[in-house]
Amino acid sequence: MSKKGLLIVVSGPAGSGKGTVNAKLIERDEFVYSVSATTRAPRPGEVDGVNYYYITHDEFERRITLGDMLEYTSYCGNYYGTPKTEAERVLKSGKNLILEIEVDGAMQVKKKYPDALLIMLLPPSYKVQEERLRGRGTETEEKIRERLEQTKNEVVKAPEYDYIVYNYDGESEKCAEDILAIVRAEQLASARNPKAAINYFAN
């Protein structure tokens with residue numbers, strides 16, 4: 001029996017390892033990574049439909065008006081968001097769609113798509129997060145402090161998520177397996193299978 005895929009939102013502060021963990025999930029055929037839409041121009045080497053869907057400012061605002069953005073934000077004069085039509089297409093195919101977005105976007109998605117599965121990915125502790133950010137050696141002290149300060153606004157939203165998953169050092173594979181276990185359980189939840197009895201007797 002064909003089933004609709006799950007819309008999975010993965011959020012987490014800088015240094016939580018979202019990209020690494022999500023990449024491990026995408027290796028499985030059942031998961032698809034959400035491609036966002038943006039009004040900014042493509043950078044050299046970027047491909048439309050792969051890195052982003054590149055659309056005009058007017059088109060983006062038209063889609064907002066039509067309700068065709070699951071979530072969106074404005075940054076440095078450009079819009080960024082998740083196209084609802086594309087998300088629905090993936091979900092109807094039976095694939096699970098992963099959205100790697102910030103907490104504000106996650107709350108927007110939950111309002112428009114109550115069935116969405118919200119997972120917050122966290123480092124083991126604030127201290128470990130700071131060590132990871134400093135260990136990168138790629139950002140200024142100002143940017144590191146800015147990211148750490150932003151964490152306070154993000155983690156306070158944790159109770160509004162469905163699950164909290166900790167990403168311990170060197171255990172990103174296990175972290176991905178934890179998320180996979182959550183997805184497996186959610187797929188079997190009675191709330192997501194309201195016609196189980198009807199379908200049982202129909203076959």
Using θ = phi - 60° and the Karplus curve 6.51 cos²θ - 1.76 cosθ + 1.60, what whole-Hz ³J(HN,Hα) does each residue of the range 97-104 get, with Gly and Pro shown as x? 9, 9, 10, 9, 9, 6, 4, 4
What's the local net charge at Leu121, with K and R +1, D and E -1, over the other residues with C-beta under 11 Å away? -2
Could you list Ser16, Ser36, Ser190, Ser74 in order of exposure, starting from the residue whose Cβ has the fewest other Cβ atoms within 10 Å? Ser190, Ser74, Ser36, Ser16
Hey, what did the chain get for relative contact order, percent, Cα under 8 Å, at least 6 apart? 31 percent
In order through the range 89-96: 3J(HN,Hα) via Karplus (6.51 cos²θ - 1.76 cosθ + 1.60), integer Hz, x for Gly, Pro: 4, 5, 5, 5, 6, x, 7, 8
Which value in deg cm²/dmol, rounded to the nearest 500, describes the helix-derived mean residue ellipticity at 222 nm for the chain, given -39,500 (n - 2.57) per DSSP H run of n ≥ 4 and division by the residue count? -13000 deg cm²/dmol
By the scheme Lys and Arg +1, Asp and Glu -1, what is the net charge of all other residues having a beta-carbon under 11 Å from that of Gln187? +2
Straight-line reach check, Lys95, cutoff 30 Å on alpha carbons, 8 or more apart in-chain or any other chain, hits among lysines -> Lys3, Lys4, Lys18, Lys24, Lys84, Lys110, Lys111, Lys112, Lys157, Lys174, Lys195
What FRET efficiency, computed as 1/(1 + (r/R0)^6) with R0 = 22 Å and r the Cβ-Cβ distance, is obtained for Gln150 and Arg40, rounded to the nearest 0.05? 0.55
Sort Ile164, Ile98 by Cβ crowding within 10 Å, fewest neighbours at the top. Ile164, Ile98
Express the Stokes-Einstein translational diffusion coefficient of the chain in µm² s⁻¹, to the nearest whole number, given a Kirkwood radius over alpha-carbon pairs, 4 °C and a viscosity of 1.567 mPa s. 71 µm²/s
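Across the range 98-203, how large is the tail of the calculated P(r) beyond 25 Å, expressed as a percent of all Cα pairs?
Looking at the range 98-203, the distances longer than 25 Å represent 36 percent of pairs.
Each reported figure results from applying straightforward, stated rules to the coordinates on display, with no laboratory input. Keep in mind that this is a model prediction, so the values were computed, not measured. Cβ sites come from the backbone with ideal geometry, for glycine too, and all protein chains shown count toward neighbours.
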